[in-house]
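Structure first, then comments.
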Amino acid sequence: MNVGEMPSAAFTAVPTLKSVKKIQFANAEDKQEFTKYPTKAGRRSLSRSISQSSTDSYSSAASYTDSSDDETSPRDKAQVNTHGSSDFCVKNIKQAEFGRREIEIAEQDMSALISLRKRAQGEKPLAGAKIVGCTHITAQTAVLIETLVALGAQCRWTACNIYSTQNEVAAALAETGVPVFAWKGESEDDFWWCIDRCVNTEGWQANMILDDGGDLTHWVYKKYPSVFKKVRGIVEESVTGVHRLYQLSKAGKLCVPAMNVNDSVTKQKFDNLYCCRESILDGLKRTTDIMFGGKQVVVCGYGEVGKGCCTALKALGAIVCITEIDPICALQACMDGFRVVKLSEVIRQMDVVITCTGNKNVVTREQLDRMKNGCIVCNMGHSNTEIDVASLRSPELTWERVRSQVDHIIWPDGKRVVLLAEGRLLNLSCSTVPTFVLSITATTQALALIELFNAPEGRYKQDVYLLPKKMDEYVASLHLPNFDAHLTELSDEQAKYMGLNKNGPFKPNYYR
């Protein structure tokens with residue numbers, strides 16, 4: 001199938017026992033540093049010293065390789081890949097071989113994206129595209145990045161989350177020649193430095209942006225306005241990032257067309273729902289070893305992410321209630337058998353508090369103060385603003401790091417609250433996510449980039465666009481062979497009766 005045959009319509013604006021490894025401390029000082037919450041000055045080095053724990057990546061021996069240089073920031077290292085290039089900054093380029101194994105494993109369950117790569121690479125539909133990307137850097141996103149390269153694009157990449165990077169995968173990408181600037185356990189300063197290194201490089205200027213959260217877009221818009229104005233398109237996949245794009249558009253400051261991938265059906269109904277349904281349990285089990293049966297859990301938000309989390313928790317016997325601002329989502333929760341409550345009404349009884357709204361201050365300091373001893377608090381939304389973590393960095397509270405991505409926040413009376421990933425995205429910070437469902441999102445992103453880059457002048461204005469259902473359906477169809485699924489075809493009479501094209505789309509553009 002040629003790229004020209006792909007749907008291209010104008011977009012509508014709108015752990016087992018054997019695998020457990022005991023952490024060894026070389027001396028008492030190391031142990032003290034591990035258990036003591038760092039001061040502002042020491043926070044950066046601590047985040048690096050624990051970044052090679054067993055939760056870095058459970059499926060690769062790279063996480064257990066020599067980490068004697070953990071105390072050295074990647075920014076202070078001189079590293080060169082086998083091709084002589086130093087245009088990257090990763091934890092350890094020597095981990096590239098392990099990362100390549102991770103990517104090859106991911107490719108086996110991302111057959112649709114590989115199929116797209118094979119079908120379109122002859123025409124190189126992204127030849128001339130210079131894509132700067134800011135996403136989670138995992139084996140699955142590496143398959144996407146290498147697909148974009150195979151389709152003709154030049155890519156520079158950084159991480160949208162300081163805890164989700166698989167160091168060995170970043171090394172594998174850097175070894176192949178993709179400039180990657182990311183490592184697990186970055187500081188906030190490192191995070192913005194990496195973004196700037198991706199954007200600000202001599203002799204190369206981005207003309208496409210692939211973002212997850214809006215930080216890259218915001219940085220280019222603020223720091224490099226001349227570059228931003230020349231960008232041909234932005235593809236954004238998160239609630240937070242899309243919200244920021246709509247704000248720019250409303251203010252008349254969005255001077256390039258943008259694609260809202262987050263609200264595509266293939267993202268909402270698959271990545272957000274099915275991915276979170278499985279990964280919420282994985283993240284909580286790996287970090288806390290919790291048994292869910294009989295636990296009181298409150299899930300803040302009953303969108304697709306919330307629905308996935310609640311389904312999984314309920315299936316394991318947890319007693320789940322919901323908080324919601326939207327009466328439609330609240331009614332859905334009621335019809336699904338969940339109590340809809342205000343967080344302040346139930347906070348004292350909860351064993352687990354999970355946020356998945358994309359908003360800010362969903363869990364406040366006052367509510368954290370009222371939680372019972374041992375309450376687990378985590379976030380499944382993209383942004384780290386949902387839990388008021390900043391208010392917990394106060395003199396009267398003690399932070400105790402008990403394992404990677406797990407902190408006990410200790411109140412003066414001895415009460416402990418268990419905070420996971422410092423309020424950042426739980427599943428990608430503390431575990432992994434299902435490869436297959438990420439293939440769906442990655443294929444959608446690739447097609448959106450192809451469409452925006454190749455669109456004739458005038459098709460897209462300076463606005464935010466949604467994927468047409470024809471493209472959503474095409475992405476879905478690429479994944480059906482994995483299940484040996486066979487679609488029923490409409491007869492001519494049936495198609496005429498329904499007023500549909502026999503080949504789709506089968507849903508209107510406003511369908512979600």
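Just a few scattered comments:
- All told, Asn167 falls short of being of a type outside the set (Asp, Glu), farther than 30 Å from Asp484 by Cα and at pLDDT below 95.
- Among the residues of region 263-275, just one is within 22 Å of Ser429 (Cβ to Cβ) and open to solvent by less than 10 Å² (accessible area, probe 1.4 Å), namely Cys275.
- Meets criteria (at pLDDT 95 or above and surrounded by 22 or more Cβ atoms within 10 Å (Cβ to Cβ)) for Asp196: no
- Verdict on Asp190 being open to solvent by less than 50 Å² (accessible area, probe 1.4 Å), within 20 Å of Leu148 (Cβ to Cβ) and at pLDDT 95 or above: no
- Count of region 460-512 residues which are touching a Leu at 6+ places or on another chain (Cβ under 8 Å) and over 18 Å from Ala112 (Cβ atoms): 10
- Positions within region 377-391 being under 20 Å from Gly306 (Cβ atoms) and in contact with a helix residue (DSSP H, G or I) (Cβ under 6 Å, 6 or more places away or on another chain), in sequence order: Cys378, Asn379, Met380, His382, Ser383, Asn384, Ile387, Asp388
- Members of region 228-258 that are in a helix (DSSP H, G or I), surrounded by fewer than 20 Cβ atoms within 10 Å (Cβ to Cβ) and of a type in the set (A, V, I, L, M, F, W, C): none
- Conditions (1) at pLDDT below 95; (2) at negative phi: number failed by Gly203: (2)
- Among the residues of region 115-137, the ones that are outside any loop (DSSP other than H, G, I, E, B) and open to solvent by less than 30 Å² (accessible area, probe 1.4 Å) come to 7 in all.
- The residue that is nearest to Trp193 (Cα to Cα), among those in region 139-161 that are among the β-branched types (Val, Ile, Thr) and open to solvent by less than 10 Å² (accessible area, probe 1.4 Å), is Thr158.
- Listed by first and then second residue, the pairs with beta-carbon distance under 6 Å, at least 6 apart or on different chains, first residue in region 149-175 and under 16 Å from Leu210 (Cβ atoms), second in a helix (DSSP H, G or I) and of a type in the set (D, E, K, R), are Ala150/Arg117.
- Residue in region 75-98 that is within 20 Å of the chain's Cα centre (by Cα), under 23 Å from Leu428 (Cβ atoms) and either modelled with pLDDT under 85 or in a helix (DSSP H, G or I) (or both) present: no
- All conditions in (1) more than 17 Å from Glu236 (Cβ to Cβ); (2) surrounded by fewer than 24 Cβ atoms within 10 Å (Cβ to Cβ) hold for Leu466, with the sole exception of (1).
- For region 75-96, the set of residues classified as charged (D, E, K, R) and exposed (fewer than 13 other Cβ atoms within 10 Å of the Cβ) consists of Asp76 only.
The values are calculated or read from the model by the stated rules, or taken from the named source; none is laboratory data. Bear in mind the structure is a predicted one, so any value in this text is a computation, not a measurement. With ideal geometry, Cβ positions are generated from the backbone for all residues, glycine too; neighbour counts draw on all protein chains shown. We work out accessible area using only protein heavy atoms, side chains counted, and drop any ligands, DNA or RNA first. Shrake-Rupley method; radii C 1.70, N 1.55, O 1.52, S 1.80 Å.
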